[in-house]
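Here's the structure we're looking at; comments come further down.
The values are calculated or read from the model by the stated rules, or taken from the named source; none is laboratory data. The model shown is predicted, which means the values in this text are computed figures rather than measured ones. Cβ: placed from backbone, ideal geometry, glycine included. Neighbour counts: every protein chain shown.
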Amino acid sequence: MEKGKILLPIGIALLVVNLILTTLLIILALPPLTRVNKIVTTMEQVLDLELINEDTVGNIPIEDLEIIMIDDQISVNARSITTNKNHVLRFSVGFTINKKDKDSKRIMTLMAEQEQYIIAQIRSAASFKTYEEVITNVGTKELGKDIANHLNEVLNTNVIVETIFREYIYN
């Protein structure tokens, strides 16, 4: 009987401590988990927007597309990961614009008037690539997507459909 009298209060005490610790865990963990949920939801929305953009590219009729070429040749340094040397990437670039978009005229005018700013933004987007990335076909396509996405973001639009490389030289 003595054992039963001792174990009962210990069991109740453990139950109360467990209840208090569980309550504290819920109270303390809920706000950070809510913030993580917001971040995950935001990332999901961003990824969905990119997928929607990629899906609509193939659905735009060719007669609704217009090409705008940048006249200047653009040079960007690309560091090699393997040799740790700088290489130069030179390219001429143009953009496919969805001219049926309500924003297309504004963007085409802006790109013509602010060509040097556009070139600076292209350099900014390209500067994050390594030499090993820019010498492959996949890397070139990724660079084109990155440039188009960066310009769409900077210009607050979604009218730039694709980046076109007229010349693409690296050493």
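Residues that are of a type in the set (Val, Ile, Thr), in a strand (DSSP E or B) and either at pLDDT below 90 or more than 18 Å from residue 73 (Cα to Cα) (or both) do occur in region 154-161. Of the residues screened, residue 101 is not one that is over 23 Å from the mean Cα position of the chain (by Cα) and in a loop (DSSP other than H, G, I, E, B). Against the condition at pLDDT 85 or above, farther than 30 Å from residue 171 by Cβ and either under 22 Å from the mean Cα position of the chain (by Cα) or outside the structural domain of residue 135 (by TED's automatic domain parsing) (or both), how does residue 52 come out, does it pass? So residue 52 fails the test. Tallying residues that are out of contact with any Leu (no Cβ under 8 Å at 6 or more places or on another chain) and surrounded by 19 or more Cβ atoms within 10 Å (Cβ to Cβ) within region 147-162 yields 4. Scanning region 124-139 for residues that are in a helix (DSSP H, G or I) and surrounded by 18 or more Cβ atoms within 10 Å (Cβ to Cβ), we see that the one that is farthest from the chain's Cα centre (by Cα) is 131. Among the residues making up region 145-171, those that are free of Cβ contacts under 8 Å to residues at least 24 places away in the same chain and not polar (S, T, N, Q) are 145, 146, 153. Screening residue 114 with (1) touching a residue at least 40 places away in the same chain (Cβ under 8 Å); (2) surrounded by 13 or more Cβ atoms within 10 Å (Cβ to Cβ); (3) over 22 Å from the mean Cα position of the chain (by Cα) gives one miss only, at (1).
Here region 81-100 is the region considered, the condition is being surrounded by 16 or more Cβ atoms within 10 Å (Cβ to Cβ) and among the hydroxyl-bearing types (Ser, Thr, Tyr), and the residue that is farthest from residue 131 (Cα to Cα) is 96.
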